[in-house]
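The values are calculated or read from the model by the stated rules, or taken from the named source; none is laboratory data. Keep in mind that what you see is a predicted model, and the values were worked out from it rather than measured. Counting neighbours? That spans all protein chains shown, and the Cβs are built from the backbone with ideal geometry, glycine included. Each accessible area value is taken on the protein alone, full model and side chains, heavy atoms only, with ligands, DNA and RNA left out. Shrake-Rupley method; radii C 1.70, N 1.55, O 1.52, S 1.80 Å.
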Amino acid sequence: MLGWVLALVVFAPAAWLADTVAQASQGHVLLAEPRGTVWSGSARLVLSGGAGSRDAAALPGRVEWTLRPVWLGLGARIHAPCCTPTPLRLTVAARGLGAGLLVANGDSSWPAAVLTGLGTPWNTVQLEGNLQLRTEGLSVEWVEGRVRVEGRVRLEAHQVSSRLSTLRPMGSYRITVQGGSTSTLQLETLEGALQLSGSGRWIGSRLRFEGVATAEPEREAALSNLLNIIGRRNGARSVITVG
């Protein structure tokens, strides 16, 4: 019996991990066509609008992973040939009455088009471009229902375009999330005819964000539809609020 249990743990099929990820993400992140085991396997990573949604978009190629036990937790190595020049390394461990996630410093690059799979509003905007993600000293703790973030996440969206505008590209942008006692978010424009700016902070687990979108005067007609969708139109400006 002990040998049977040990074999079940060691050779647990990758489909079990796929089911766990789908349930934990409420159907928004799917590991399709899983192969291998829970500990070493691969699958197609699909983003979905959730239960009942027809929206879905997959990364090109397959995502490979390895999981290894560490003290009071698990260490993960994740590699997507399309997007992670260096594999992502994560550690999940128990922290007192809660849990913690530690993300090793790293860079990755993702196609913006995959966000379309998440449904509204991404399926309406249908972004195209390249997303460059960098993590620095990132850790997340969940203790008694509270979330605490330390470190920094920087997301740069380059050469962004949308089906709502004939202007291609519209610009390039940077989002910076800074952890601490109060986590903050900063949005800024790197270049382009569509100007985006704003700032926000997390209060508990909710983000409160206020931002503004404007267009260069000679490009306002080409960006008018998008400005009407992404926020509350106020003359030449579109006011963006979250939370």
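Measure off, as a whole percent, the carbon and sulfur share of the 1.4 Å-probe accessible area of the chain, all protein chains present. Before the final figure, lay out each step's value.
Values: 8010 of 14050 Å².
C and S atoms contribute 57 percent here.
Distance from the C-alpha centroid of the range 135-161 to that of the range 12-36: 23 Å, rounded to the whole angstrom. Tell me, which longest segment in the chain has none of the chymotrypsin sites (Phe, Trp or Tyr not before Pro) that fall in DSSP loops with at most 15 further Cβ atoms within 10 Å? That gives 72-243 as the longest site-free run.
Here the relative contact order of the range 149-243, from alpha carbon pairs under 8 Å that lie six or more residues apart, stands at 21 percent.
In percent, how large is the relative contact order of the range 1-150, given Cα pairs closer than 8 Å and 6 or more residues apart? Relative contact order here is 16 percent. Its residue count N sets the reference 2.2 N^0.38 Å, and the alpha-carbon radius of gyration of the chain equals 1.14 times that reference.
The ellipsoid equivalent to the alpha-carbon distribution of the range 162-243 has semi-axes of 26, 14, 9 angstrom, derived from the gyration tensor eigenvalues as √(5λ) and listed largest first.
Rolling a 1.4 angstrom probe over the protein heavy atoms with all chains in place gives the range 100-148 an accessible area of 54 Å² per residue. Between LEU155 and ASN130, the contour length at 0.36 nm per residue exceeds the Cα-Cα span by 8.0 nm. Per residue, the solvent-accessible area of the range 12-75 (1.4 Å probe, heavy atoms of protein chains only, all protein chains present) comes to 57 Å². When the Kirkwood radius is taken over all Cα pairs of the range 178-223, what Stokes-Einstein diffusion coefficient follows at 10 °C and 1.306 mPa s, in µm²/s? Diffusion coefficient, whole number: 131 µm²/s. Oblate is the label for the range 20-96. Its Cα gyration tensor axes, ordered a ≥ b ≥ c, give a/c of at least 1.5 and b/c at or above a/b. Net charge in the neighbourhood of GLY145 (other residues with Cβ under 15 Å of its Cβ; Lys, Arg +1, Asp, Glu -1) is +2.
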